[in-house]
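Below is one structure, written out as structure tokens; the observations come after it.
Bear in mind these aren't lab numbers, they're just calculated from the coordinates by the rules spelled out. Computed from a predicted structure; not experimentally measured. Using ideal geometry, Cβ is built from the backbone for each residue, glycine included, and neighbour counts are taken over all protein chains shown.
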Amino acid sequence: MKIEYENLTESNKGFKQEFLRKLDAFLDNGYFILGNEVINFELAFSKYCKAKYCIGVASGLDALTLGLSVLDLPKGSEVLVPSNTYIATILAILNNGLVPVLVEPNLSTYNIDITELPKKITRKTSALMIVHLYGKSCDMDAIVDFCESHKLKLIEDCAQAHGADYKGRKVGTFGDIGAFSFYPTKNLGALGDAGAILTNNEATMLKLKSLRNYGSSKKYYNDYVGFNSRIDELQASFLSLKLSQLDEMNKRKRNLARFYLNELDPKFTLPVEHDDYYDVYHIFNIRHSRRDQLREYLKENNVTTEVHYPVPPHRQKAMANIITGNYPISDLIHSTTLSLPIAHWHKPEDIQRVISLLNRFDV
């Protein structure tokens, strides 16, 4: 029996008939760009997150890029960002003419280390971009306090945290901007690229809706130097359907995570939990000093895994002349982390088999 890390056919199987119905309606309607399906999804997602506004865009990277651009940060100013994030977070900063300043994560939560922030701030710092990594919220009380006391803009990268919350409040609603990716493997995944931005500011919402559409709010009239980054009407209709099941899918993943947390041997470093955080386990990661051997052992036993991520940003070739400094905690995480199967369609017996294999791994 093979246990796959992810299988998008399985992930979407339960939605197939409704998807086909949506496709028929889409073709019959003949309205393909920024129609009612986009409006309906934006309303539904903002309501789900308890944010005032949602702006659908073409991808998670575009959500970060446009979200930063609308804040009008001074060119060349610095944005604090975790050193162990996915490269997209840093690309959005660079694409806005800003300077990424890497901050090491907390080794227990893998989110940005609050105690490191004061060491990194300078007179050039204009914003903090946090990442709710693996589906766990950052420590938002401390982060909001830090941003307010230093007059920094706050951007939340929520690409891995659909439905996660901190003290009962959904991520993406604490900062000036909350950016989401709906890449197919996410907890709320489209059937292609898609993204969204949350904001509680009406002026920000209006400008973002213009920016995503060539800088135009009225056809053929352009107020800004904009982008072509519109969420697809068909993807929006699929996402609306899946959004109605997001909480249930997250609960399934949390139930599967409970098996790992309760039964895995202490020779593995496991995620930490706290009552203030509702984790949605987009990724269930463990750490082990012999990660590569462990991954190969599981593969030999028909269990596939992933590594999020094998190369930290500061060691990427693209960043060679951009990012300087040493980031030992990030290096440690990237060299030891392993992501285990935890899709919403996995069965408890799948997870039990993975646990059994892991516990038998010879350290």
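What do you get for chymotrypsin sites (Phe, Trp or Tyr not before Pro) in the range 6-72 restricted to DSSP loop and a cutoff of at most 13 other Cβ within 10 Å of the site's Cβ?
Hits after loop and neighbour filter: TYR31, PHE32.
Scalar couplings 3J(HN,Hα) for the range 109-123, obtained by applying the Karplus form with A = 6.51, B = -1.76, C = 1.60 to θ = phi - 60°, are 9, 6, 8, 3, 7, 4, 5, 8, 4, x, 6, 9, 6, 9, 5 Hz; x denotes Gly and Pro. Amide H to amide H, with H built 1.01 Å from N, HIS282 comes under 5 Å of GLY135, counting only residues 5 or more places away or on other chains. In the structure displayed, which of LYS186/LYS317; LYS22/LYS242; LYS186/LYS267; LYS186/LYS207; LYS167/LYS347; LYS2/LYS253 lie more than 21 Å apart, Cα to Cα? Distance filter (> 21 Å) returns LYS186/LYS317; LYS186/LYS267; LYS186/LYS207; LYS167/LYS347. Between TYR309, TYR166, TYR221, the residue with the greatest mean-square fluctuation in the GNM of the chain (Cα pairs under 10 Å linked by springs) is TYR221.
With the convex hull of its Cα atoms as the shape, the chain has an orientation-averaged projected area of 18.4 nm². Is the range 155-219 best put as rounded, prolate or oblate by its Cα gyration tensor, with a ≥ b ≥ c the root eigenvalues, rounded for a/c under 1.5, and otherwise prolate when a/b is larger than b/c, oblate when not? The shape class here is oblate. By the beta-carbon count within 10 Å of each Cβ, the least crowded to most crowded order of SER330, SER335, SER59, fewest first, is SER335, SER59, SER330.
The ranking of ILE197, ILE121 by Cβ neighbour count inside 10 Å, starting from the fewest, reads ILE121, ILE197. Counting only aspartates and glutamates at least 8 places from LYS120 when in the same chain, those with an alpha carbon closer than 13 Å to its own are GLU78, GLU104. Per-residue Karplus couplings for the range 192-209, computed as 6.51 cos²θ - 1.76 cosθ + 1.60 with θ equal to phi - 60°, are listed in order as x, 6, 5, x, 7, 10, 9, 7, 9, 9, 5, 5, 4, 4, 5, 5, 5, 5 Hz, Gly and Pro entered as x. With the simple model of a label 7 Å out from the Cα in the direction of the Cβ, MET1 to LEU43 spans 4.5 nm.
Taking other C-beta atoms within 10 angstrom as a stand-in for reagent exposure, SER289, SER46 fall in the order SER289, SER46, fewest first. In the range 246-359, the ratio of gyration radius to Kirkwood radius, Rg to Rh, stands at 1.01 when only Cα atoms are counted. In the range 41-174 the Cα-Cα distances spread across 10 Å bins starting at 0 as 12, 45, 36, 6, 0 percent of all pairs.
Quick check: pseudo-label points 7 Å beyond the Cα along Cα→Cβ at GLU18 and ASN359, how many nm apart are they? Each label point is offset 7 Å from its Cα along the Cβ direction, giving 3.7 nm. Taking the charge dipole of the range 72-224 about its Cα centre, with +1 at Lys and Arg Cβ atoms and -1 at Asp and Glu Cβ atoms, the residue from ALA164, THR85, THR199 reaching farthest to the positive side is THR199. Couplings 3J(HN,Hα) of the range 224-241, computed from phi: 9, 7, x, 10, 9, 9, 9, 4, 5, 4, 5, 4, 4, 5, 5, 5, 4, 5 Hz, in residue order, whole Hz [Karplus 6.51 cos²θ - 1.76 cosθ + 1.60, θ = phi - 60°; x for Gly and Pro]. Taking amide H atoms as placed 1.01 Å from N in the peptide plane, the amide H of GLU306 lies under 5 Å from those of SER339, each 5 or more residues away in sequence or on another chain.
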